Amino acid sequence: MRSQVLPWVPPGSRRILDLGCGYGATIKAGGISPGAFVVGVDLSQPVLKSANASIPWAHFVAARGEQLPFSQQSFDAVISGVAMPYMEIPRVLAEIARVLKPGGSLWLSLHSFRMVRRHLVRSLLRLDVPDTVYRIYVLLNGLLFHFSGRVFRFPLKRERCESFQTRRGMRIAIRRAGFVDEEVVKFFVSSAIRRDRVSPGPHAAQFASR
């Protein structure tokens, strides 16, 4: 397999999950056929409503990446455009591995250190203390991820989790979640293939087949 800036979906993938789909830009950029069974997941109901109006042949579900409402081995491929940096990455990768079929593919676009540095400098120049504190948290979280493949939630607002990602951190987290053949390239894209066996997660729920 190969990593690329545009979403990568292997030929023959019939069931595709877009994690953190937003308005559906990643689905459109991937050139996914309306003949495929595509599900977009996001937290915002208004955003999902707009995405459904734009891509009426796809299905959209409000859910968290850390707790996907699908049964195991539901999808052939998972794509995610710049959504994982705002999630608890190890838990999300475990959920992705659970809902992917053996040999299923994963494509992600992520955040590099440069983006966090840019936001931190901007907050410092504006003397924005609350945002500076948050950007320092994101920086420290990214460093933790780099060395351990793990992240922690923002102590002052536990529902928030954000980090930057590195090649080292992604390789650690991806392998720990049960993926192989991972590739991590610039700009910042990661892809991987699910191993043959992953144990069921605690949040598995039935999702209607098509």
Inset, instruction - Could you please find all residues in region 143-165 being surrounded by 20 or more Cβ atoms within 10 Å (Cβ to Cβ) and touching a Ser or Thr at 6+ places or on another chain (Cβ under 8 Å)? - result: PHE145, VAL151, PHE164, GLN165
Inset, instruction - Determine whether GLY169 is surrounded by 22 or more Cβ atoms within 10 Å (Cβ to Cβ) and without any contact (Cβ under 8 Å) to a residue 40 or more places away in the chain. - result: yes
Legend entry - The listed residue being surrounded by 15 or more Cβ atoms within 10 Å (Cβ to Cβ) and on the phi > 0 side of the Ramachandran plot, out of VAL82, VAL92: VAL82
Inset, instruction - Among what's in region 1-18 and is modelled with pLDDT of 90 or more and out of contact with any helix residue (DSSP H, G or I) (no Cβ under 7 Å at 6 or more places or on another chain), pick the residue that is surrounded by the most Cβ atoms within 10 Å (Cβ to Cβ). - result: ILE16
Inset, instruction - Kindly list the number of the only condition in (1) crowded, with 19+ Cβ neighbours inside 10 Å; (2) assigned to a helix (DSSP H, G or I); (3) without any contact (Cβ under 8 Å) to a residue 24 or more places away in the chain; (4) not polar (S, T, N, Q) that fails for LYS49. - result: (1)
Inset, instruction - Could you tell me whether ARG114 is charged (D, E, K, R), part of a helix (DSSP H, G or I) and under 20 Å from ALA173 (Cα atoms)? - result: no
Inset, instruction - Hey, can you tell me all the residues within region 19-29 that are surrounded by 21 or more Cβ atoms within 10 Å (Cβ to Cβ) and either within 16 Å of LEU100 (Cα to Cα) or not hydrophobic (A, V, I, L, M, F, W, C) (or both)? - result: LEU19, GLY20, GLY24, THR26
Legend entry - Residue among PHE154, PHE164, PHE145 that is in contact with a helix residue (DSSP H, G or I) (Cβ under 6 Å, 6 or more places away or on another chain), without any contact (Cβ under 8 Å) to a residue 60 or more places away in the chain and assigned to a loop (DSSP other than H, G, I, E, B): PHE154
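The values are calculated or read from the model by the stated rules, or taken from the named source; none is laboratory data. Model, not experiment: these values are computed from the prediction. Because the Cβ atoms are built from the backbone with ideal geometry, glycine has one as well, and the counts that use them run over all protein chains shown.
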